[in-house]
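The values are calculated or read from the model by the stated rules, or taken from the named source; none is laboratory data. Quick caveat: nothing in here was measured; it's all calculated off a predicted structure. When we count neighbours, we look across all protein chains shown, and the Cβ atoms used for this are built from the backbone with ideal geometry, even at glycine.
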Amino acid sequence: MFGNIGWGEFGILIIAALVILGPERLPGAMSWVSKSLRQVRDYAAGAQQQLKDELGPEFDDLRKPLADLQQLRGMSPQAMITKHLLDGDDSLFTGNFDGSAPSSSGPQPPSVTPAVTQAQPPREEPQLGIGERPPYDLDAT
């Protein structure tokens with residue numbers, strides 16, 4: 001619930017509550033807030049259990065699209081490439097081609113297989129003459 005609030009903001013809220021309510025009413029207010037939050041959480045759990053009881057197996061059918069949406073929200077470009085193009089094999093990104101655990105002995109250069117480096121000679125860019133303009137691609141801009 002308070003996942004987006006850091007310790008600094010939480011401290012400011014406590015100091016503001018102390019100034020507004022005063023030291024004599026603050027403990028009572030905090031206990032009231034905690035009881036209210038607990039009661040709301042119990043109501044939500046009860047409502048969810050009631051829906052499960054009434055809908056039965058159809059409740060899981062309702063939850064599946066929400067779970068898929070939650071999975072898509074956490075998808076980064078690297079995770080998407082790993083899942084869809086590499087079938088879950090992240091050895092391309094971790095450099096772990098033999099299946100062992102990656103070592104944490106400091107920064108390591110990116111891993112490239114020797115066959116790939118030998119098969120692709122370095123590309124030479126054409127040099128432009130003096131006063132010559134580079135090619136311009138209207139579709140790329």
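Give the number of residues within the stretch 29-68 that are over 30 Å from Ile14 (Cα atoms) and assigned to a helix (DSSP H, G or I). Adding up the residues that qualify gives 21. Just one residue in the set Pro109, Pro77 is at pLDDT 70 or above and surrounded by fewer than 10 Cβ atoms within 10 Å (Cβ to Cβ); that residue is Pro77.
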